[in-house]
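J.: Below is the structure I would like to discuss, written out as structure tokens.
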Amino acid sequence: MRDRDKNILPTARERLILALDVDTLKEAEFLGQELRDLVGMFKVGPRLFTRYGPKIIESIQKEGVGVFYDAKFHDIPSVVAKAAGTAGRMGVRMLTVHTLGGLAMMEAAMEGLKGKTEDTKVVGVTILTSLDSSILREELGVGRDLSQEVVHLAHLAKKAGLDGVVTSPEELEDLRRTFPRNFLLIVPGIRPMGVVSNEHHRFLTPGEAIRRGADFIVVGRPILAADDPVEATKNILKEIESSL
């Protein structure tokens, strides 16, 4: 894993990632213009990238904001190596791969970035926050309980040289105790006080997630569906700041 001691995250803004779960480039550009001074990174996933490709990443970068490309690469090692290299050339600040792709695949992602960029962080998706222990056991046939599986996959990610993992807030304390501070913990399923949880079975407030050891939190609907996205973002920043 590359040394990141110089990249300590002192501010609430730098810790906040907005999930751009919208349908159009126009909506994404509007949010970029409105929130670029309040959000550290904008997360682009399959919903936007499938429609617009690299254009959506370039558009966000023009606003001076970093891009978290939530690609969730999960394929044979040679394919993932080339895909990661392409993402690195696009200048994304953070990139995801599925830890369930295995050690060789994650190592290939890191190898694929060599010589492309020194700035792109690679983080592993452990268990999706829409899953719970019963789904893991009954549908996927995983013998370990959910928390044990998350910790196991995080160890695998670290062994592969990844920069961190994406994880539910519920496993934060176990992971933070287990891994050093320079192993990044990125947490989706964040819901401010008074906001419904939607399909995330495991969620916490921004302040709780930071107190449990989150380096970054990912927020979507509480900002996107707000009557005033700017005010909603400012309130989330206040929650984060209260826990720093």
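The values are calculated or read from the model by the stated rules, or taken from the named source; none is laboratory data. This one's a predicted model, so the numbers in the text were calculated from it and none came from an experiment. Note that we place each Cβ from the backbone using ideal geometry, even for glycine, and neighbour counts take in every protein chain shown.
J.: Taking the condition at pLDDT 95 or above, β-branched (Val, Ile, Thr), touching a Ser or Thr at 6+ places or on another chain (Cβ under 9 Å) and closer than 22 Å to residue 62 by Cα, does residue 92 pass? Even if it seems obvious, please write down each step before you answer.
T.: Values: at pLDDT 95 or above: yes; β-branched (Val, Ile, Thr): yes; touching a Ser or Thr at 6+ places or on another chain (Cβ under 9 Å): yes; closer than 22 Å to residue 62 by Cα: yes.
So residue 92 fits the description; yes.
J.: Which residues, taken from region 49-91, are crowded, with 18+ Cβ neighbours inside 10 Å, in a helix (DSSP H, G or I) and of a type in the set (A, V, I, L, M)?
T.: The answer is 56, 57, 60, 80, 81, 83, 84, 87.
The rows are residues; the columns are (1) in contact with a Lys or Arg (Cβ under 6 Å, 6 or more places away or on another chain); (2) in contact (Cβ under 8 Å) with a residue 12 or more places away in the chain; (3) of a type outside the set (D, E, K, R).
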residue: 149; (1), (2), (3): no, yes, no
residue: 158; (1), (2), (3): no, yes, no
residue: 161; (1), (2), (3): no, yes, yes
residue: 170; (1), (2), (3): yes, yes, no
residue: 175; (1), (2), (3): no, yes, yes
residue: 180; (1), (2), (3): no, no, yes
residue: 185; (1), (2), (3): no, yes, yes
residue: 192; (1), (2), (3): no, yes, yes
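J.: Answer yes or no: is there a residue in region 62-78 that is under 17 Å from the mean Cα position of the chain (by Cα), over 24 Å from residue 183 (Cβ atoms) and at pLDDT below 95. Walk me through it before giving the result.
T.: Within region 62-78, the first condition is being under 17 Å from the mean Cα position of the chain (by Cα), and the residues that meet it are 65-74.
Checking the rest, the ones that are also over 24 Å from residue 183 (Cβ atoms) come to 65.
This time we only want the ones that are at pLDDT below 95, so: 65.
Yes: region 62-78 contains one or more residues that are under 17 Å from the mean Cα position of the chain (by Cα), over 24 Å from residue 183 (Cβ atoms) and at pLDDT below 95.
Table: residues versus (1) small (Gly, Ala, Ser); (2) touching a helix residue (DSSP H, G or I) at 6+ places or on another chain (Cβ under 7 Å); (3) surrounded by fewer than 22 Cβ atoms within 10 Å (Cβ to Cβ).
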position: 125; (1), (2), (3): no, yes, no
position: 133; (1), (2), (3): yes, yes, yes
position: 136; (1), (2), (3): no, yes, yes
position: 141; (1), (2), (3): yes, no, yes
position: 144; (1), (2), (3): no, yes, yes
position: 147; (1), (2), (3): yes, yes, yes
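J.: Look through region 9-20, keep the residues that are modelled with pLDDT under 95 and assigned to a loop (DSSP other than H, G, I, E, B), and return whichever of them is farthest from residue 238 (Cα to Cα).
T.: Among them, the one singled out is 9.
J.: Here is a further query. Would you check which residues across region 114-137 are free of Cβ contacts under 8 Å to residues at least 40 places away in the same chain and more than 18 Å from the chain's Cα centre (by Cα) and list them? Lay out the reasoning, then the answer.
T.: Step one: of region 114-137, the residues free of Cβ contacts under 8 Å to residues at least 40 places away in the same chain are 114-117, 119-120, 128, 133-137.
Selection gives 114, 115, 116, 117, 133, 134, 135, 136, 137.
J.: Another one. Can you name the residue in region 29-48 that is in contact (Cβ under 8 Å) with a residue 60 or more places away in the chain and assigned to a helix (DSSP H, G or I) and is also farthest from the chain's Cα centre (by Cα) among such residues?
T.: Of all residues in region 29-48, those in contact (Cβ under 8 Å) with a residue 60 or more places away in the chain come to 31, 34-35, 38-41, 43.
Then drop every residue that is not assigned to a helix (DSSP H, G or I), which leaves 31, 34-35.
Values: 31: 18, 34: 21, 35: 18 Å.
Step by step, filter region 29-48, then rank; the result is 34.
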